[in-house]
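**Q** Would you mind keeping the following structure in view while I ask a few things?
The values are calculated or read from the model by the stated rules, or taken from the named source; none is laboratory data. In this text, all values refer to a predicted model and were calculated from it rather than measured experimentally. Here the Cβ positions follow ideal geometry from the backbone for every residue, glycine too, while neighbour counts run over all protein chains shown.
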Amino acid sequence: MTAPPVAREREITEPVALTGPDGRLNPAAIGFARAPLIDTRGIGRGRFVRSWGRNKRWEYWNVMTPTHIVSLTVSSLDYAAVHEVWIHDRATTRSWGRSVTVLPSREVSLPASLGTGIAIARHADLAATITPAERGTLWRLHAEIADASFDITVRRPPGHELLAVVVPWSSRRFQYTVKDVALPASGVLTLDGIDYDVGQGSWAVLDHGRGRWPYDVSWNWGAGSGTLADGRSLGIQVGGRWTDGTGSTENAVLLDGVLHKISASVVWEYERAAPLRPWRVHGGGLDAVFTPFYDKKSATNLGVVSSRTDQCFGTWSGTFAGDGVVIAFDGIEGFAEDVRNRW
C-alpha cells in the first residue's frame, strides 16, 4: 500500500483569530498548536450572513471509567441545538441516555472560545453544564436526565499539551478542532438512585469544535487514554477522511503530557458493515489495532438533515516510532468511529 501523504504543517505558538473582519478564514490561523491559542469568537457572530446554517459549535466530552462510559454533547448548528447525555454500564451493557434536537437553536449557550465561559444546555428533560476553572486546568461536567446524572471533575496536569488544528477546506469553509486526550477524571455517577465512583483509572477526552462546515461530510475519529507498563501516561488521537486534501491532519500521540504530532495522514482499515471486528490505523510511525467491545450506533433522518454514527468502544494496542520516541502499548482504552453527516 502507498505510504500516506505527509502534510507540511505550521506550528502556531501565539494567539491568533480564526476569522478576519469579513468572516472568512484568517490564513495566519492555519496550522496546529499545543495549547488553545485560536480565538473563535467570529463563528456564529458578525455580518457574514451567507454562512448561516454552516456554523457548527460544540463541546463533546467522553469519560471512560473501569465500570462505565459517559458522553456529553452540547452543540449549536445554527438552525438547531443538538445535545446528548449518555451513560453505559460496561458489565450489564445497560445504557441511560437522552438526545434532544431543538428547532430552531435555543436554550443553549456556548463560549466564544475554549475556556472563556460555561457551556449550558437546557431542555424539558435534559440539563447540562460544562464549567472551566483554574485557568483551563480543571473542568466540571454536570448533567441530569431522567434516572441518571453525573458530576465529574477533569484535571489537566501541569505541562499537559493538547492538539489544536485548523482545517481549511476553503476561505469560507473551515474548522478549528481541539482534541485533548489522556485527562484524569474523578467524580460520581448516579443511576437509578445508586452512586458509582468515577475513580482511579478514569480518563476523559475533549472534542471542542468551532467552524463552518460543508453540507455533506464523513469522518473517522479515534482516541485512547491510559498508562504504559512503565507508568507513563499515553494518549492516542487519530482522524481521517474529513481532513483529506487540506494540508492538515489531526493525528498525534501524547506521551506523559508531551504532544508528538503526526503530520502524515493515517490509513484506516476496518469493515464498515461489521464494526465490532478489529480496526487497524497506521501511518506516520503509528501502527495500532483497535479491538472493540461495544458499538454505540445512532442514526437520524430529518429529510435534508441526517446523520449516521458507529462509535465503537474498546482497546488500542500497537507501536509508535517517531519524533524521537519508540514505544509499544497494549490495553489503552478508547474509541473509534465512522460518521456521515448531512447537516
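**Q** Could you say which residue among H88, H123 is touching a strand residue (DSSP E or B) at 6+ places or on another chain (Cβ under 7 Å) and within 28 Å of S51 (Cβ to Cβ)? Spell out the reasoning first.
**A** Details: H88 fails: within 28 Å of S51 (Cβ to Cβ).
That would be H123, the only listed residue that is touching a strand residue (DSSP E or B) at 6+ places or on another chain (Cβ under 7 Å) and within 28 Å of S51 (Cβ to Cβ).
**Q** Given the options R135, R210, R173, name the one that is of a type in the set (D, E, K, R) and modelled with pLDDT under 95. Steps first, please.
**A** Working: R210 fails: modelled with pLDDT under 95; R173 fails: modelled with pLDDT under 95.
R135 is the lone residue from the list that is of a type in the set (D, E, K, R) and modelled with pLDDT under 95.
**Q** Further, regarding this structure: Of all strands (runs of 3 or more DSSP E) completely enclosed by the range 131-229, which ones contain at least 2 residues that are under 25 Å from R98 (Cα atoms), within 14 Å of the chain's Cα centre (by Cα) and assigned by TED's automatic domain parsing to the domain that holds G334?
**A** On the way: elements: 138-145, 148-155, 163-168, 174-191, 194-198, 203-212, 216-227.
Answer list for the range 131-229: 216-227.
**Q** I'd like the full set of residues that are surrounded by fewer than 17 Cβ atoms within 10 Å (Cβ to Cβ) and either in contact (Cβ under 8 Å) with a residue 40 or more places away in the chain or within 21 Å of the chain's Cα centre (by Cα) (or both), limited to the range 103-119.
**A** Filtering the range 103-119 down to residues surrounded by fewer than 17 Cβ atoms within 10 Å (Cβ to Cβ) leaves 103-104, 106-107, 109, 112, 115-118.
Scanning the range 103-119 gives S109, A112, G115, T116, G117, I118.
**Q** Select, from S263, S307, the only residue that is modelled with pLDDT under 95, farther than 28 Å from T67 by Cα and touching a Lys or Arg at 6+ places or on another chain (Cβ under 8 Å).
**A** Working: S263 fails: modelled with pLDDT under 95.
Exactly one residue qualifies, and that residue is S307.
**Q** Hey, any hits in the range 209-217 for a residue that's surrounded by fewer than 16 Cβ atoms within 10 Å (Cβ to Cβ) and either closer than 30 Å to T93 by Cβ or touching a His at 6+ places or on another chain (Cβ under 8 Å) (or both)? Don't jump to the end; show me each part of the working.
**A** At the first step, the residues of the range 209-217 found to be surrounded by fewer than 16 Cβ atoms within 10 Å (Cβ to Cβ) are 214-216.
Add one more test, that the residue is either closer than 30 Å to T93 by Cβ or touching a His at 6+ places or on another chain (Cβ under 8 Å) (or both), and what stays is none.
Checked the range 209-217: no residue is surrounded by fewer than 16 Cβ atoms within 10 Å (Cβ to Cβ) and either closer than 30 Å to T93 by Cβ or touching a His at 6+ places or on another chain (Cβ under 8 Å) (or both).
**Q** Here is a follow-up. Applying the selection to the range 74-95, what residues are within 15 Å of D295 (Cα to Cα) and over 19 Å from the mean Cα position of the chain (by Cα)? Outline the logic, then answer.
**A** Kept after step one, since they are within 15 Å of D295 (Cα to Cα), are these residues of the range 74-95: 86-95.
Matches in the range 74-95: D89, R90, A91, T92, T93, R94, S95.
**Q** If we scan the range 109-117, do we find a residue that is touching a strand residue (DSSP E or B) at 6+ places or on another chain (Cβ under 9 Å) and assigned to a strand (DSSP E or B)?
**A** yes
**Q** Got a sec? Which of T300, T319 is touching a Ser or Thr at 6+ places or on another chain (Cβ under 7 Å) and over 25 Å from A35 (Cβ atoms)?
**A** On the way: T319 fails: touching a Ser or Thr at 6+ places or on another chain (Cβ under 7 Å).
The conditions single out T300.
**Q** Pick out the one residue from R41, R45, R57 that is part of a loop (DSSP other than H, G, I, E, B), at pLDDT 90 or above and not hydroxyl-bearing (S, T, Y). Reasoning before the result, please.
**A** Working: R45 fails: at pLDDT 90 or above; R57 fails: part of a loop (DSSP other than H, G, I, E, B).
That would be R41, the only listed residue that is part of a loop (DSSP other than H, G, I, E, B), at pLDDT 90 or above and not hydroxyl-bearing (S, T, Y).
**Q** Quick test for you: out of V267, V238, V258, pick the one residue that is of a type in the set (A, V, I, L, M, F, W, C), farther than 30 Å from R172 by Cα and assigned by TED's automatic domain parsing to the domain that holds S306. Steps first, please.
**A** Values: V267 fails: farther than 30 Å from R172 by Cα; V238 fails: farther than 30 Å from R172 by Cα.
Just a single option satisfies the conditions, and that option is V258.
**Q** On to the next question. Step by step: first the residues of the range 230-255, then only those that are part of a loop (DSSP other than H, G, I, E, B) and small (G, A, S), then the one that is surrounded by the fewest Cβ atoms within 10 Å (Cβ to Cβ). Which residue is that? Steps first, answer last, please.
**A** Narrowing the range 230-255 to residues part of a loop (DSSP other than H, G, I, E, B): 230-232, 241-250.
Still in the running and small (G, A, S): 231, 245, 247-248.
On the way: G231: 7, G245: 9, G247: 15, S248: 26.
For the range 230-255, the residue satisfying everything is G231.
**Q** Using the structure shown, decide if R90 is touching a Leu at 6+ places or on another chain (Cβ under 6 Å) and charged (D, E, K, R).
**A** Working: touching a Leu at 6+ places or on another chain (Cβ under 6 Å): no; charged (D, E, K, R): yes.
No: the conditions fail for R90.
**Q** To continue, here is another question. Suppose the filter is surrounded by fewer than 19 Cβ atoms within 10 Å (Cβ to Cβ), closer than 23 Å to V305 by Cα and modelled with pLDDT of 95 or more; does G97 pass it? Let's see the steps before the verdict.
**A** Details: surrounded by fewer than 19 Cβ atoms within 10 Å (Cβ to Cβ): yes; closer than 23 Å to V305 by Cα: yes; modelled with pLDDT of 95 or more: yes.
For G97, the condition - surrounded by fewer than 19 Cβ atoms within 10 Å (Cβ to Cβ), closer than 23 Å to V305 by Cα and modelled with pLDDT of 95 or more - is met.
**Q** Now for a separate question. So which residues in the range 142-159 are farther than 17 Å from K179 by Cα and in contact with a Leu (Cβ under 8 Å, 6 or more places away or on another chain), if there are any at all?
**A** A143, E144, I145, D147, A148, S149, F150, D151, I152, T153, listed by residue number.
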